[in-house]
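> I'd like to ask some things about the structure below.
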Amino acid sequence: MSQKPQGDCGDICPEWGCRNKDEYRGVWVVGEVDENGLSEASLQMLTPARKVASKLGTKITGVLIGHNVKGLADQFMEYGADDVIVVDDERFKEYVPNVFGEAVVELVKKYKPEMIFIAGTMRGRELAPFIANHLRSGITADCTDFDVDEKTRDVFQIRPPFGAVLLAYIRTPNRRPQLATARPNVFPLPPRDPSRAGKGEIIEEKVEHVPVPKSRLVSRKVVPRTEAPIEKAEIVVGGGKGLGSAEGFKMLEELAKEIGAVVGGSRKAVDLGWIPHERQIGQTGKSIKSVIYMAVGISGAAQHMFGVREAEVVVAINNDPSAPILSQADYGVVADYREVIPNLIKLVREIKDRLAKGEPIDL
Amino acid sequence: MRIVVGMKWVPGTQSVRIDPKTGTLIREGVPSIVNPHDLPAVELALRLRDKYGGEVIALSMSPPPAIKGLEYLIGMGVDRAILLTDRVYAGADTLATSYALANAIRKIDAEIGKVDLAVFGQETTDSSTAHIPAQTASWLNWPYVYYVRDAWLTEDGKLRVERILENAIEEWELDMPAIISIAMKSIKPRPVSLLNKIRFKTNPSTLITWTNSYMNLDVRCVGLKGSPTFVAKTVDVPEVPRKKIVYKPKDGEDAARWILKSLLSDEKASRALLKALRGSSGGEGS
Ligand SMILES: Cc1cc2nc3c(=O)[nH]c(=O)nc-3n(C[C@H](O)[C@H](O)[C@H](O)COP(=O)(O)OP(=O)(O)OC[C@H]3O[C@@H](n4cnc5c(N)ncnc54)[C@H](O)[C@@H]3O)c2cc1C
């Protein structure tokens with residue numbers, strides 16, 4: 001059953017220490033807790049965790065570290081965790097990357113999970129590589145899918161590589177645990193099942209070695225998000241370099257307001273400072289899942305289109321009949337957007353008036 | 001204070017092309033650049049030095065052409081630069097890369113002088129993992145934080161930083177030595193100055209190369225061998241089926257009408273659109 005007898009490290013870096021793969025079983029999801037409780041992004045990680053756990057024939061353990069966090073264990077289970085390890089300790093009241101990282105590391109050394117999922121939120125992206133490195137194991141960032149090689153139990157961590165229209169299958173053949181992050185909203189939240197609460201075991205753990213923190217949070221001011229995240233919008237309007245100026249984006253905003261859409265953009269639009277990076281659509285930005293995506297003045301580069309794969313209906317407005325986006329859209333219009341968008345706004349307002357009066361829409 | 005700032009030499013993204021036959025990246029003839037997200041880190045390091053004294057040392061683990069990038073940073077005002085380069089470092093994943101960088105920082109500490117701070121960019125444009133700062137902190141056991149936008153020293157010699165997360169602004173205090181990574185686009189980098197370029201021309205010894213015969217790292221810990229992860233295979237992204245209906249309108253109004261007609265006759269799209277049109281008040285702006 002084992003490929004390598006225990007203790008045989010083979011030809012590996014002496015600083016890594018031996019790992020016997022066969023000792024590692026189970027899938028973990030590390031919960032992220034802030035003043036609003038368990039973050040949605042960390043619950044979303046239960047979706048790929050379930051896929052991997054089923055293929056491996058193992059269970060999912062949620063991990064909660066913090067102060068007064070035990071109450072969140074049920075929520076973890078309702079969304080799919082089979083068991084929850086809880087470390088409830090005043091010393092974990094404030095999140096400190098090194099301190100939290102070392103706590104997870106200590107738990108991993110005790111329980112030996114084979115795969116750990118960590119939400120790729122800003123904090124998660126800060127924390128996860130520290131944990132992986134302390135364990136002298138590999139980590140893959142921003143995965144978009146996972147698969148399993150059943151014979152070796154290696155998890156393929158799938159992500160698009162630099163700039164290419166490809167998916168790379170990344171593998172950690174000799175080290176355990178395997179670690180991966182995924183960006184928020186790349187995976188859906190699993191359906192909540194209230195009957196799962198309390199079904200699994202809550203394992204209350206103590207962390208023996210809690211280092212004296214060498215960094216401290218001095219102040220934290222919560223600034224609630226005002227805009228809806230683009231990854232969750234039903235209708236998205238995207239602008240590109242073809243808009244020619246930041247003014248062009250004002251026009252898109254006006255349209256978006258009329259049709260309840262969120263405005264995003266291409267990387268070129270972001271680089272030009274017309275739209276913030278949080279609204280970049282594509283391989284190195286956000287993946288949208290809208291019902292309608294309207295691409296305006298966007299050429300349709302592969303890296304951009306990677307982010308709209310899950311949009312159900314794609315409309316493109318481009319004045320170049322040879323623009324690649326026209327052959328990657330459902331409905332393409334060859335026209336100057338400056339002519340089209342103001343007319344769209346006008347027509348939409350007319351339709352809304354008719355709908356309000358209960359009149360039929362007549363185009 | 002002595003500050004080390006990391007730099008990665010990456011393919012210029014503006015000119016990236018894909019081989020239409022293989023779907024892979026054409027790297028030949030693509031000029032490389034300093035990772036754009038490293039420049040705010042360099043700028044912050046220079047500002048800290050200008051304010052508190054000391055020196056800034058740029059550090060890059062890259063193939064030799066990255067010398068051009070280090071020269072650029074010297075042009076910005078970095079005091080010296082170290083290129084960490086060796087064939088045995090090739091093929092490194094982020095664990096092996098951070099191992100080499102952490103050891104180079106240790107060597108700088110031992111041979112040049114005490115390092116107080118290491119500064120990195122948020123991520124690179126070519127792989128955007130954001131792993132390196134945290135992994136380097138793990139090897140060195142230094143405190144670290146990400147997404148920093150500003151940094152200063154307190155009277156008792158601690159590092160204070162401000163950072164912005166998705167929904168919060170935070171201030172942190174770190175004991176030094178520490179590692180920080182700087183939020184992309186948060187600080188405008190200064191241009192290269194002629195004076196610094198001339199200074200470098202007259203004193204080229206400010207740029208040095210460390211190979212593994214100097215670093216003396218175990219070859220099992222670096223490069224491909226020192227990397228727990230590897231790319232097992234690549235597959236094409238399956239094409240998304242689309243209707244591909246293209247319309248050449250008479251004018252803007254015709255175009256707008258056609259778009260709305262198409263969306264309203266599309267089952268999925270019409271449901272979402274009508275919901276939005278009924279839902280929003282529409283009173284504003286009209
Ligand atoms: C590693 C890597 C990662 C990347 N990640 C992303 C990513 O996440 N997201 C992303 O978007 N890009 C990404 N890119 C960049 C991508 O390759 C393209 O460069 C970019 O998407 C092009 O942006 P664009 O379509 O706005 O600009 P362009 O390609 O310049 O296209 C502008 C379009 O506007 C049209 N146009 C001009 N005037 C008008 C008008 N008046 N009316 C209508 N149409 C008009 C033109 O015909 C043209 O088709 C990445 C690249 C690399 C190498």
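> For region A:235-245, give me the residue count where each residue is within 11 Å of the ligand (Cβ to nearest atom) and either within 11 Å of chain B (Cβ to nearest Cβ) or not hydroxyl-bearing (Ser, Thr, Tyr) (or both).
Total satisfying the criteria: 7.
> For the structure I just gave you, tell me whether B:ALA118 is surrounded by fewer than 24 Cβ atoms within 10 Å (Cβ to Cβ) and among the small types (Gly, Ala, Ser).
In short, no.
> Sort through B:VAL88, B:VAL78, B:VAL56 and tell me the only one that's modelled with pLDDT of 95 or more and within 28 Å of A:THR172 (Cβ to Cβ).
B:VAL88
> Just one of A:GLY358, A:GLY300, A:GLY285 is under 24 Å from A:ALA228 (Cβ atoms) and more than 9 Å from chain B (Cβ to nearest Cβ); which is it?
Within the list A:GLY358, A:GLY300, A:GLY285, the selection yields A:GLY285.
> Of the conditions (1) touching a strand residue (DSSP E or B) at 6+ places or on another chain (Cβ under 9 Å); (2) closer than 30 Å to B:VAL34 by Cα, B:LYS248 fails just one. Which one is it?
(2)
> Mind listing whichever residues of region B:125-145 are hydroxyl-bearing (Ser, Thr, Tyr) and buried (at least 24 other Cβ atoms within 10 Å of the Cβ)?
Once the filter is applied, which keeps residues that are hydroxyl-bearing (Ser, Thr, Tyr) and buried (at least 24 other Cβ atoms within 10 Å of the Cβ), region B:125-145 yields B:THR136, B:SER138, B:TYR144.
> If you don't mind, there's one more thing I want to ask. Would you call A:ALA103 of a type outside the set (Ser, Thr, Tyr), in contact (Cβ under 8 Å) with a residue 24 or more places away in the chain and closer than 24 Å to A:VAL186 by Cα?
Considered against the rule, which asks whether it is of a type outside the set (Ser, Thr, Tyr), in contact (Cβ under 8 Å) with a residue 24 or more places away in the chain and closer than 24 Å to A:VAL186 by Cα, A:ALA103 comes out as no.
> Follow-up. From the list B:LYS243, B:LYS188, B:LYS275, B:LYS233, pick out the single residue that is open to solvent by 50 Å² or more (accessible area, probe 1.4 Å), under 28 Å from the mean Cα position of the chain (by Cα) and at the interface with chain A (Cβ under 8 Å from one of its Cβ atoms).
Going through B:LYS243, B:LYS188, B:LYS275, B:LYS233 in turn, just one is open to solvent by 50 Å² or more (accessible area, probe 1.4 Å), under 28 Å from the mean Cα position of the chain (by Cα) and at the interface with chain A (Cβ under 8 Å from one of its Cβ atoms): B:LYS233.
> Which condition breaks for B:ASN196 when tested against (1) open to solvent by 40 Å² or more (accessible area, probe 1.4 Å); (2) more than 10 Å from chain A (Cβ to nearest Cβ); (3) under 26 Å from B:ALA151 (Cβ atoms)?
With respect to (1) open to solvent by 40 Å² or more (accessible area, probe 1.4 Å); (2) more than 10 Å from chain A (Cβ to nearest Cβ); (3) under 26 Å from B:ALA151 (Cβ atoms), B:ASN196 is out only on (1).
> A further question on this structure: Being β-branched (Val, Ile, Thr) and modelled with pLDDT under 95 narrows it down to one of B:THR125, B:THR94, so name that one.
It is B:THR125.
> A further question on this structure: With region B:128-245 as the region, which strands (runs of 3 or more DSSP E) entirely inside it contain at least 3 residues that are under 30 Å from A:GLY163 (Cα atoms), modelled with pLDDT of 95 or more and not small (Gly, Ala, Ser)?
Output list reads B:144-153, B:178-182.
> Output the number of the condition that A:PRO224 fails; it satisfies all remaining conditions of (1) in contact (Cβ under 8 Å) with a residue 40 or more places away in the chain; (2) open to solvent by 60 Å² or more (accessible area, probe 1.4 Å).
Looking at each condition in turn, A:PRO224 falls short on (1).
> Do you know which of the residues in region A:220-234 that are within 12 Å of another protein chain (Cβ to nearest Cβ) and touching a Gly at 6+ places or on another chain (Cβ under 9 Å) is nearest to the ligand (Cβ to nearest atom)?
A:ALA233
> A further question on this structure: With the structure loaded, tell me whether B:ASP86 is in contact with a Pro (Cβ under 7 Å, 6 or more places away or on another chain) and in contact (Cβ under 8 Å) with a residue 40 or more places away in the chain or whether it fails that test.
Considered against the rule, which asks whether it is in contact with a Pro (Cβ under 7 Å, 6 or more places away or on another chain) and in contact (Cβ under 8 Å) with a residue 40 or more places away in the chain, B:ASP86 comes out as no.
> Output the number of residues of region A:45-70 satisfying the condition of being more than 17 Å from A:LYS206 (Cβ to Cβ), in contact (Cβ under 8 Å) with a residue 12 or more places away in the chain and either open to solvent by 10 Å² or more (accessible area, probe 1.4 Å) or aromatic (Phe, Trp, Tyr) (or both).
Of the residues in region A:45-70, 7 are more than 17 Å from A:LYS206 (Cβ to Cβ), in contact (Cβ under 8 Å) with a residue 12 or more places away in the chain and either open to solvent by 10 Å² or more (accessible area, probe 1.4 Å) or aromatic (Phe, Trp, Tyr) (or both).
> Output the residues belonging to region A:169-202 that are under 17 Å from the mean Cα position of the chain (by Cα) and open to solvent by less than 60 Å² (accessible area, probe 1.4 Å).
Hits for region A:169-202 are A:LEU179, A:ALA180, A:THR181, A:ALA182, A:ARG183, A:PRO184, A:ASN185, A:VAL186, A:PHE187, A:PRO190.
The values are calculated or read from the model by the stated rules, or taken from the named source; none is laboratory data. It should be emphasised that the depicted structure is a prediction, and the values quoted were computed from it without experimental measurement. Glycine also receives a Cβ, built like all others from the backbone with ideal geometry; neighbour counts cover every protein chain displayed. Just so you know, the surface numbers come from the protein's heavy atoms only, side chains and all, with ligands and any DNA or RNA stripped out. Shrake-Rupley method; radii C 1.70, N 1.55, O 1.52, S 1.80 Å.
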